[in-house]
Amino acid sequence: MIKVPAGLLREYLNQLFAEAPIQHLDVVELEQPDRLKPLLDLLGENGHLEKLVSLRLDGQGLDDSSVETLENAAFGRLRWLSLAHNHCHRRPDVAAGENAVSQAAAQIAWDEILFSPRRFPVPHFNHSQDN
């Protein structure tokens with residue numbers, strides 16, 4: 001997993017994904033919830049969104065409109081999504097069924113209060129890149 005401020009991710013997006021096969025992304029310092037869609041669009045335009053298996057957006061001030069933005073993003077392999085410590089009051093729409101966010105929501109046991117997964121449904125890594 002790579003933890004990266006949103007501004008640096010936008011600036012060095014292609015270089016970061018060229019240097020390593022990033023599948024697990026922890027975005028910090030988004031600054032404003034309305035910056036989520038342009039960031040996801042940029043990741044999608046460059047083909048990186050479909051590579052992500054997990055995405056953590058904890059404590060970024062996101063709200064229910066952000067959940068809708070995530071539902072409409074072109075994820076291909078997403079299996080884990082954390083929106084803990086945000087202002088979201090609804091879960092991703094599992095009934096939508098076709099997109100990866102809906103599929104991830106269907107597979108994850110969600111904590112109603114923190115809106116974060118209780119289990120991590122992708123292989124556990126013995127090595128952490130966080131320092």
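Label-to-label distance, residue 29 versus residue 74, with points set 7 angstrom from Cα along the beta-carbon direction: 2.8 nm. Order these by the 10 Å Cβ neighbour count, fewest first: 39, 83. Result, fewest neighbours first: 39, 83. Ordering 8, 25 from the fewest to the most neighbouring beta carbons within 10 Å gives 8, 25.
Every read-out reported here was derived from the displayed coordinates using simple, explicitly stated rules and does not represent laboratory data. Since the structure is predicted, the reported quantities are computational estimates derived from the model, not experimental observations. Glycine gets a Cβ as well: all are built from the backbone with ideal geometry, and neighbour counts include every protein chain shown.
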